[in-house]
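Encoded as structure tokens, the structure appears first; notes follow it.
The values are calculated or read from the model by the stated rules, or taken from the named source; none is laboratory data. Please read all numbers here as calculations on a predicted model, not as lab measurements. Here the Cβ positions follow ideal geometry from the backbone for every residue, glycine too, while neighbour counts run over all protein chains shown. Calculation scope for accessible area: heavy atoms of the full protein, side chains included, ligands and nucleic acids excluded. Shrake-Rupley method; radii C 1.70, N 1.55, O 1.52, S 1.80 Å.
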Amino acid sequence: MALLPWWMGLPLWLLLVLGAVMFRHRIEHYAELSRRGLYWGLPGVLFAAQRAWGGGPLTWAAALLGALVAYSLLALMESLLDRRVRRAPAAAATPEWSELALAPIGPPAHIIELTRVAWSEAREAFTDPDGESVRYEARGPGRGRYVFAQGRVIERASPRCCFGPGGRWFAARLPGDRGEILWDRRSDHLYRLAGWVLSGWEGEQPWLARGEEGVPAPLHEVLGRGRSH
């Protein structure tokens with residue numbers, strides 16, 4: 001650019017400015033070359049300009065002032081370009097097709113294994129898992145009431161009963177096998193579930209089904225379908 005006339009070197013230098021801006025996100029190698037060309041080409045353009053203007057002291061002073069202004073503008077341009085690059089969000093890495101093929105779909109599976117219900121026939125007096133006394137009082141064929149030491153009385157129940165794992169739940173059949181009675185001893189909630197059969201226990205939670213061949217469901221789903229106390 002120092003050997004070319006200034007009116008030819010200046011457009012080339014402006015093209016380098018355009019290249020530094022346009023290539024910063026596309027071809028980083030070309031953007032870096034354009035930036036280097038700006039810094040090295042500017043002295044050449046200024047030298048060609050002062051030569052065309054006569055090369056006197058005043059011309060040299062104008063060229064040095066132009067160099068100061070031009071380099072300040074270049075520094076400002078680079079600062080703006082670098083700031084935009086830093087603020088630009090990083091592109092998310094696209095997973096390979098093999099990773100997508102092996103990735104799990106949906107939530108992890110949870111296998112439900114129910115503990116079988118250990119039914120027994122209630123005697124006149126027996127003990128619960130906590131060692132407290134329980135009394136069954138027959139009030140007719142297949143029906144009676146349970147009286148617990150804590151004061152809870154369960155009326156209209158058959159003598160077939162059981163305790164859940166851990167002793168939290170007490171279950172008894174409704175007279176005539178018309179459903180189940182469940183008593184949560186921890187919260188003292190009593191549920192009379194007509195038409196439901198106790199299928200088993202998952203941990204300490206009861207699962208019930210509609211009939212012996214029905215699909216078991218946890219108690220909270222059963223209660224959501226309607227219940228009677």
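Quick notes on this structure:
- Single condition residue 186 does not satisfy, out of (1) open to solvent by 10 Å² or more (accessible area, probe 1.4 Å); (2) closer than 20 Å to residue 216 by Cβ; (3) under 42 Å from the mean Cα position of the chain (by Cα): (2)
This table checks each residue for (1) modelled with pLDDT of 85 or more; (2) closer than 21 Å to residue 174 by Cα; (3) assigned to a strand (DSSP E or B); (4) touching a helix residue (DSSP H, G or I) at 6+ places or on another chain (Cβ under 8 Å).
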| position | (1), (2), (3), (4) |
| --- | --- |
| 81 | no, no, no, yes |
| 84 | no, no, no, no |
| 111 | no, no, no, no |
| 145 | yes, yes, yes, no |
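- Scanning the stretch 172-183 for residues being part of a loop (DSSP other than H, G, I, E, B) and surrounded by fewer than 16 Cβ atoms within 10 Å (Cβ to Cβ) gives a total of 1.
- In this structure, residue 192 qualifies as without any contact (Cβ under 8 Å) to a residue 60 or more places away in the chain, under 18 Å from residue 209 (Cβ atoms) and either under 43 Å from the mean Cα position of the chain (by Cα) or open to solvent by less than 10 Å² (accessible area, probe 1.4 Å) (or both).
- Under the condition of being among the small types (Gly, Ala, Ser), within 19 Å of residue 123 (Cβ to Cβ) and either buried (at least 17 other Cβ atoms within 10 Å of the Cβ) or touching a residue at least 40 places away in the same chain (Cβ under 8 Å) (or both), the residues counted in the stretch 148-171 number 3.
- Long-range neighbours under 7 Å by Cβ, at least six apart or interchain, first residue of a type in the set (Val, Ile, Thr) within the stretch 132-147, second part of a strand (DSSP E or B) and at pLDDT 90 or above: 134/126; 134/127; 134/146; 134/148; 147/135; 147/137; 147/153
- Considering the conditions (1) farther than 19 Å from residue 191 by Cβ; (2) part of a strand (DSSP E or B); (3) out of contact with any Cys (no Cβ under 9 Å at 6 or more places or on another chain); (4) not polar (S, T, N, Q), residue 129 is excluded by exactly one of them, (2).
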